[in-house]
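Some notes on the structure that comes next.
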Amino acid sequence: GLRAARGVRIDSNYHGYWTMVSYPPGAQNNSHFLQGGLPWDGSWRLWITNSNGTTNLLDYNKNASNIVYWFSPASLANRLPIANSISGAVLTKTNNGLSISITSFTTWGDMRVTNQSSTFVAFRN
């Protein structure tokens, strides 16, 4: 997990895509993805390096309004859904940990309700 990670790196050099009509997309569905090297749209990828040498990813896709976790960056089959209906997600890395702020939304008829949650994950290593 994040607390025991050997290192983390926030990479905001990504643009999010979503090509489906129905929402939410499944975690393993290839209709939502991040593509690097394009103008930033608010999407990001968190690279998590573990002490055993493995790497995990956490992706926020602004256009798909979701966050997914990758057990292994090599395969879509290794993505798990973390959250859908996310209108904003901000990460800030400090020397001591990672600040996370997420805004979610839901719509009932003409009414849209938002909720913001923030937390700080202290690094052990």
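The values are calculated or read from the model by the stated rules, or taken from the named source; none is laboratory data. Just so it is clear, the structure is predicted and the values come from calculations on it, not from any experiment. Cβ sites come from the backbone with ideal geometry, for glycine too, and all protein chains shown count toward neighbours.
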In segment 1-51, the residues that are of a type in the set (Phe, Trp, Tyr) and loosely packed, with under 14 Cβ neighbours inside 10 Å: 23, 40
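Are any of the residues in segment 79-92 over 23 Å from residue 35 (Cβ atoms) and at pLDDT 90 or above?
yes
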Segment 1-46: number of residues that are touching a Pro at 6+ places or on another chain (Cβ under 7 Å), assigned to a strand (DSSP E or B) and within 13 Å of residue 67 (Cα to Cα): 2
